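Visitor: Dumping the structure here so I can ask a few things about it.
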């Protein structure tokens, strides 16, 4: 975001006026300067994303902003006019595809409702809509309450980025090549997904309600069923199935298969053979 606000002043105590804070905020946002943004924010500041219905604050806010910038697909142009509220200011903006470098065709518009504690930003509420001026002022009066009522983004992980991690995991599980390596580590999987180990653990354990090993075992067990389809017409055994599917031992393969499908590999093979006959 880029905006030039004229007439910025400091009060007699040397504090920035709010327009000056907003000018610096927009400049830092345009540069994707997370440390610069955090310097303008109160230590207890929070950010509310109305579209995803989630809020992030405290020590997680830095990661949240970093991740947002990393996956951002839009550029933003703020309106020249700031709207004053009882405890802050409202910035209206247009969003453009990042390939639209001249900002010719806006994709959507929105508004950020910002409140202050002294000369520091206390809350930022981002709304992906641009209601009229009167409605915006009314929204601003309710915005701070959303920061205590909304879903908290854990570890700075937004719902948007969490969804992308799950999509990437699903793609890797379908492709399967990654999981066929029996020496695969959680750090290597995080590299393939393109996220931190901490975020990968959170998505697996808190959102998918599984673990790294369990997820890997289930992927390998499902791949094993594609190999077992040809067992009756070949001399291949479970030891070879296990090895080709990424398991280190036959016992590991059998346990994972039982857990994944609720039946043993032998039972599965027998039923599959009966159906084919």
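Visitor: Collect the residues in segment 126-171 that are modelled with pLDDT of 90 or more and closer than 12 Å to residue 56 by Cβ, keeping them in residue-number order.
Guide: If the condition is that a residue be modelled with pLDDT of 90 or more and closer than 12 Å to residue 56 by Cβ, then 126 is the only one that fits.
Visitor: Consider residue 262 carefully, then state whether it is surrounded by 18 or more Cβ atoms within 10 Å (Cβ to Cβ), at pLDDT 90 or above and on the phi > 0 side of the Ramachandran plot.
Guide: Answer is no for this residue.
Visitor: Among what's in segment 108-125 and is more than 17 Å from residue 87 (Cβ to Cβ) and within 21 Å of the chain's Cα centre (by Cα), pick the residue that is surrounded by the most Cβ atoms within 10 Å (Cβ to Cβ).
Guide: 110
Visitor: Could you check residue 77 against (1) under 26 Å from the mean Cα position of the chain (by Cα); (2) at pLDDT 90 or above; (3) crowded, with 19+ Cβ neighbours inside 10 Å and say which number it fails?
Guide: The one condition residue 77 does not meet is (3).
Visitor: Just checking: which of the helices (runs of 4 or more DSSP H) contained wholly in segment 157-209 hold 3 or more residues that are closer than 23 Å to residue 52 by Cβ and touching a helix residue (DSSP H, G or I) at 6+ places or on another chain (Cβ under 9 Å)?
Guide: 159-175, 197-202
The values are calculated or read from the model by the stated rules, or taken from the named source; none is laboratory data. On a predicted model such as this, the values are computed, not experimentally measured, just so you know. A quick note on method: Cβ atoms are made from the backbone with ideal geometry, for glycine too, and the neighbour counts reach across all protein chains shown.
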